[in-house]
Amino acid sequence: MASFGLPRLDVRHVADFLALPLDEFITEAYRQLLGREPDASGLANYQRYMLRGRFTRVEVLGLLWLSPEGRRRGNRVPGLALAFFLAMFYRLPLAGPVAAFAARALRLPAHWQDRSHLESASLASGAWMKR
């Protein structure tokens, strides 16, 4: 699918997923990690969780990757393991916010930083819709 006449993004790394609109992100995550299209309930659930700020994109990727179906398929997305570990670490009380601050101060790549506040604000503003 192309948006605004642009070709579909070739998703090869966890950072590539960050550029996708929400609905395309979930569909592409299912394709890459589970090798199939998302079912209606899975698509709706992940959209709802993300719109409410419960999960970030990296967390959704990690959850799909570590799901029983994802482990059976064994598909890998380069950069996901470390990015998912950091995303989960940022959720820890006390240590998480300190680590998130350090990641920003060190200017680590976007997929290694705490994106929860950024994604929540973006999704709340309606910026998640296809452009």
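Residues being without any contact (Cβ under 8 Å) to a residue 40 or more places away in the chain, buried (at least 18 other Cβ atoms within 10 Å of the Cβ), in contact with a helix residue (DSSP H, G or I) (Cβ under 6 Å, 6 or more places away or on another chain) and of a type in the set (Asp, Glu) are represented in region 54-61 by at least one member. Looking across region 53-81, the residues that are more than 14 Å from the chain's Cα centre (by Cα) and farther than 19 Å from VAL11 by Cα come down to SER67, PRO68, GLU69, ARG71, ARG72.
With respect to GLY5, is the statement that it is at pLDDT below 90 and farther than 23 Å from SER116 by Cα true? Answer is yes for this residue.
Helices (runs of 4 or more DSSP H) fully within region 32-131 that include at least 1 residues being modelled with pLDDT of 85 or more, out of contact with any Lys or Arg (no Cβ under 7 Å at 6 or more places or on another chain) and not aliphatic (A, V, I, L, M): 40-51, 57-66, 68-73, 80-89, 95-105.
All of ALA44, ALA95 fail the test of being more than 17 Å from HIS111 (Cβ to Cβ), more than 16 Å from the chain's Cα centre (by Cα) and surrounded by 11 or more Cβ atoms within 10 Å (Cβ to Cβ), apart from ALA95.
The values are calculated or read from the model by the stated rules, or taken from the named source; none is laboratory data. Source: prediction; values computed, not measured. Counting neighbours? That spans all protein chains shown, and the Cβs are built from the backbone with ideal geometry, glycine included.
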